[in-house]
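Structure record follows, encoded as structure tokens.
The values are calculated or read from the model by the stated rules, or taken from the named source; none is laboratory data. Computed from a prediction, not measured in an experiment: that's the story for all the values here. Note: ideal-geometry Cβ built from the backbone for every residue, glycine included; neighbour counts use all protein chains shown.
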């Protein structure tokens, strides 16, 4: 997984969900989802929690995990959560 995968997944979501995330990100984080995903993907999990709450952030992770599985990439939730919340974990696991 890399930043491009995060952006492709985000853009594959229903427009209503994307609009909700976009509005909440801009309001609470001060950046767009795309900016965080592209430049600081290891901050994405906590930014999601701040923007939409922990339950919805977990739902987002589950949806991302299933999307990745359909693309042939198997990542467990613990690893995915670590990658999107820790710069070292992201650097270790992300595709260059």
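Checking the stated criteria, residue 32 turns out not to satisfy the condition of being closer than 14 Å to residue 2 by Cα and either at pLDDT 95 or above or surrounded by 13 or more Cβ atoms within 10 Å (Cβ to Cβ) (or both). Checking each residue in region 35-83 for being part of a helix (DSSP H, G or I), touching a residue at least 60 places away in the same chain (Cβ under 8 Å) and surrounded by fewer than 19 Cβ atoms within 10 Å (Cβ to Cβ) picks out only 68. Restricted to region 1-16, and to residues that are surrounded by fewer than 15 Cβ atoms within 10 Å (Cβ to Cβ) and without any contact (Cβ under 8 Å) to a residue 40 or more places away in the chain, which residue is farthest from residue 59 (Cα to Cα)? It comes out as 4.
For region 18-34, the criterion of a residue being within 11 Å of the chain's Cα centre (by Cα), part of a helix (DSSP H, G or I) and free of Cβ contacts under 8 Å to residues at least 12 places away in the same chain is satisfied by no position.
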